[in-house]
Amino acid sequence: MSSLVRELQRDALERKVQITDLLRKTLFVARKLKVVEFEKWSEKELNEYKDEREVPAYREIIGCVNAWNPVHGWQRVVFNDSEIEHLVSNRPCGQSIAEIESLLEHQAESMSFHMPFLPEMENKLRKLIGYDTHVTLLVPHKRTTEDPDFMCKVHQVSGDPGGPSLESDKS
């Protein structure tokens, strides 16, 4: 068992090891060592968090609300109330790590990815902006810029409103 733990530690430092593979080993070690809390955490990371209230703070996604304009593409939604903007721009991400890895891999060249709202919230946002269109949370792919609001300043992002998203297709 100690060799497996050492292997897990080595893999954690290796950039080429997928997080999903690392979590599978973590789950195996946690089960072998009967560390129940770590086992439950590993399972949730691998499979998804079923309850939004259980999603850890490190999985909070911060982005900018954007609406689809058929002429100009994605346009940032400007809110008059900063409290509402904060509420809709900060969201827990409970998807499985494999799903997140896949999304990021497929959008590796993109500067951002879309995290759509649940239909009820999207309808509320449509009413708020007064326009019947697709609304999404645009999330920076990489936080490599010195300007943390960089993606919020991007007014037009080419792309299809039905493109890849971070939400599960479980409808």
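The values are calculated or read from the model by the stated rules, or taken from the named source; none is laboratory data. Predicted model, so just to flag it, every value in this text is computed and none were measured. Cβ sites come from the backbone with ideal geometry, for glycine too, and all protein chains shown count toward neighbours.
Scanning region 100-121 for residues being surrounded by fewer than 17 Cβ atoms within 10 Å (Cβ to Cβ) and in a helix (DSSP H, G or I) gives a total of 8.
Here Arg91 fits the description: at pLDDT below 90, under 14 Å from the mean Cα position of the chain (by Cα) and of a type outside the set (Asp, Glu). A single entry from Lys50, Lys25, Lys32, Lys40 fulfils the requirement of being touching a Leu at 6+ places or on another chain (Cβ under 8 Å), exposed (fewer than 14 other Cβ atoms within 10 Å of the Cβ) and of a type in the set (D, E, K, R): Lys32.
Selection over region 2-35 of residues that are among the acidic types (Asp, Glu), farther than 15 Å from Ala98 by Cα and part of a helix (DSSP H, G or I) gives a count of 2. In summary, strands (runs of 3 or more DSSP E) completely within region 54-98 and bearing 1 or more residues that are in contact with a Lys or Arg (Cβ under 9 Å, 6 or more places away or on another chain) and aliphatic (A, V, I, L, M) occur at 60-62, 64-69.
Is there a residue in region 54-74 that is in contact with a helix residue (DSSP H, G or I) (Cβ under 8 Å, 6 or more places away or on another chain) and polar (S, T, N, Q)? Within region 54-74, none of the residues are in contact with a helix residue (DSSP H, G or I) (Cβ under 8 Å, 6 or more places away or on another chain) and polar (S, T, N, Q).
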